[in-house]
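**Student:** A single structure is presented below for examination.
The values are calculated or read from the model by the stated rules, or taken from the named source; none is laboratory data. None of these values were measured; they are calculated from a predicted model. All Cβ positions, glycine included, derive from the backbone under ideal geometry; neighbour counts span all protein chains shown. Only protein heavy atoms, including side chains, enter the accessible area calculation; ligands, DNA and RNA are left aside. Shrake-Rupley method; radii C 1.70, N 1.55, O 1.52, S 1.80 Å.
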Amino acid sequence: QVQLVESGGGLVQAGGSLRLSCATSGNNFSFDDMGWYRQAPGLQRDLVATITRGGTTIYKISVKGRFTISRDDSKNTVYLQMNSLKPEDTAVYYCYGDRVQRFWGQGTQVTVSS
């Protein structure tokens, strides 16, 4: 059974940094696209960043220049480095991996205080 487990969330002051990790297990394959969504209370889940197997990245406009997505296929892990965090970045962050179907992690809370 394929599982994705996020870690690295927490409480940080505005201007601070966090690094999210998403480790996968149960898969004997590399994912095609991998990435991160986030969902704030009362809002829809939005794409934050995605990275293809070839390393092409796409970012939500509001995080471009502050967040960096990367992946290490040898470790079956995708990362999200988040710098210059703002209170509006507060949300539950979910990682995903695509291979025929989309697999999701359970989410990790990121809270940015002003």
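**Student:** May I ask you to list the residues in the stretch 19-65 that are closer than 16 Å to residue 77 by Cβ, open to solvent by 30 Å² or more (accessible area, probe 1.4 Å) and among the hydrophobic types (A, V, I, L, M, F, W, C)?
**Tutor:** Of everything in the stretch 19-65, those that are closer than 16 Å to residue 77 by Cβ, open to solvent by 30 Å² or more (accessible area, probe 1.4 Å) and among the hydrophobic types (A, V, I, L, M, F, W, C) turn out to be 23, 29.
**Student:** Quick test for you: out of 15, 42, pick the one residue that is out of contact with any Asp or Glu (no Cβ under 6 Å at 6 or more places or on another chain), closer than 24 Å to residue 114 by Cα and without any contact (Cβ under 8 Å) to a residue 24 or more places away in the chain.
**Tutor:** 42
**Student:** Any idea which of 32, 98 is part of a strand (DSSP E or B) and more than 13 Å from the chain's Cα centre (by Cα)? First the steps, then the outcome.
**Tutor:** On the way: 32 fails: part of a strand (DSSP E or B).
Selected residue: 98, the only one of 32, 98 that is part of a strand (DSSP E or B) and more than 13 Å from the chain's Cα centre (by Cα).
**Student:** Continuing with the same structure: Run down 92, 110 and say which single residue is closer than 15 Å to residue 7 by Cα, touching a helix residue (DSSP H, G or I) at 6+ places or on another chain (Cβ under 8 Å) and assigned to a strand (DSSP E or B).
**Tutor:** Result: 110 is the single residue among 92, 110 that is closer than 15 Å to residue 7 by Cα, touching a helix residue (DSSP H, G or I) at 6+ places or on another chain (Cβ under 8 Å) and assigned to a strand (DSSP E or B).
**Student:** Within the stretch 5-18, can you find the residues that are open to solvent by less than 50 Å² (accessible area, probe 1.4 Å) and either touching a Cys at 6+ places or on another chain (Cβ under 7 Å) or not in a strand (DSSP E or B) (or both)? Don't jump to the end; show me each part of the working.
**Tutor:** If we filter the stretch 5-18 for residues that are open to solvent by less than 50 Å² (accessible area, probe 1.4 Å), which is where we start, we get 6, 8-10, 12, 16, 18.
If the condition is that a residue be open to solvent by less than 50 Å² (accessible area, probe 1.4 Å) and either touching a Cys at 6+ places or on another chain (Cβ under 7 Å) or not in a strand (DSSP E or B) (or both), then 6, 8, 9, 16 are the ones that fit.
**Student:** Do we find a residue being in contact (Cβ under 8 Å) with a residue 12 or more places away in the chain, within 20 Å of residue 107 (Cα to Cα) and more than 15 Å from the chain's Cα centre (by Cα) anywhere in the stretch 45-54?
**Tutor:** Checked against the condition, which is being in contact (Cβ under 8 Å) with a residue 12 or more places away in the chain, within 20 Å of residue 107 (Cα to Cα) and more than 15 Å from the chain's Cα centre (by Cα), the stretch 45-54 yields no hits at all.
**Student:** Additional query: For residue 100, all conditions in the list (1) touching a residue at least 12 places away in the same chain (Cβ under 8 Å); (2) closer than 22 Å to residue 3 by Cα hold save one; what is the number of the exception?
**Tutor:** Failing condition for residue 100: (1).
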